[in-house]
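Asks: Supplied in structure tokens, the structure appears directly below.
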Amino acid sequence: MPLRRLAASSWSDAVLAAAATLAQIWPLLTTPDAGQPWHWWGYVAAAGSALPLVWRRRAPAPVLILCAGFGTLYDAVDHVASQPLWYGVLAALYTVASRSRPLVRLSMFAVLSVGGMVTVGSANTAFRGVILYVTVYALGRAAAGARAQAAVLEERAGRLERERRVDAERAAERERARIARDMHDVLAHSISLMVVQAEAGPVVIGSAPDRAAAAFDAIAGTGRDALDQLRTMLSVLKEEDGTRAPQPTIDDLPALAGQVAGAGLTVRCTAEGEPRPLPAAAGVAAYRIAQEALTNVVKHAGAASAEVRLNWTEDGLMISVVDDGRGTGMGLPSSGNGLIGIRERAAACGGTASAGPRADGPGFEVSARLPLAGAMA
């Protein structure tokens, strides 16, 4: 129990003990005593059957025994005010019923009930006493049930809060991983194009100044585009408010092809079938997959041309990027951020990805199948 709650409980028990003591001594103070003082034992028994309530939470059963014992011995002398000392006993019994183990509380209740019926002077008083004991015992058990239910609800609320924090942390980790993949795609693509253009510029600067100027313009344009996309991602990391640029989708693939074509590579975009609604995440994944595949073409393939093919079917979109370069390897490798990122992006949308040499000629092919909204559901 927290220290503050324990202190509050101690104060409330002290107030209860004082109130019960005053209520039981009050008849001795206000009832006429027939010319002589009440016997001192009446004051001791009246106080003794209530003051132990100060320790009722820490030792319920011993407190009940003390309260009941002093109450029973109140009439041991003749000259005391006529009254039943029930206040302390009932409060102690309530505490035993709400806080003690089953064997202890049932034993105490049985002893108290039998002892009360044996020691009282009339059947009416015994009957009232048993009714009071049963009622107080039932109230104590109800309080125990309510306290147990509150503890269960508190524990459940704590567990749900912990689960919420774990879910939030996992969501943040997934978002950081997504941003890291996007930054990898943007930086790898943009820097690869800039390097190719920068290497080509000095070669033609003397013989073809126009081509050199175009190469440097392409470097500047690619750099500005990369900076814009990076600002958008970093604004998410910094949790900035305001309007954020939308993520690229398959509608931006022609612009991507034109950007890559500026590096001296011929790039075409073709589409077959009727376009269908594509989930937003799958649209972004399609763009990033094509971007990563074209980046690999520029960096590794030594190709003269590449093609981005979109093939719409009844239940999905097949996107392929093929080139006429050297071609390397078979299938998606187990390491390397580029092709692994392609596989992860496709899998995150419920799709699949593959990569390997082209079957219809020289070069390399990266393909991914992304399901439509209905298929994903």
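What follows is calculated from the coordinates using simple rules that are stated; it is not laboratory data. Since the structure is predicted, the reported quantities are computational estimates derived from the model, not experimental observations. Cβ atoms come from the backbone with ideal geometry, glycine included; neighbour counts cover every protein chain shown.
Asks: For W40, W86, what's the fewest-to-most ordering of other Cβ within 10 Å of each Cβ?
Replies: W40, W86
Asks: Fewest to most neighbouring Cβ within 10 Å: what's the order for C67, C269?
Replies: C269, C67
Asks: Sort M108, M183 so that the residue with the fewest other Cβ atoms within 10 Å of its own Cβ comes first and the one with the most comes last.
Replies: By the 10 Å Cβ count, ascending, the order reads M183, M108.
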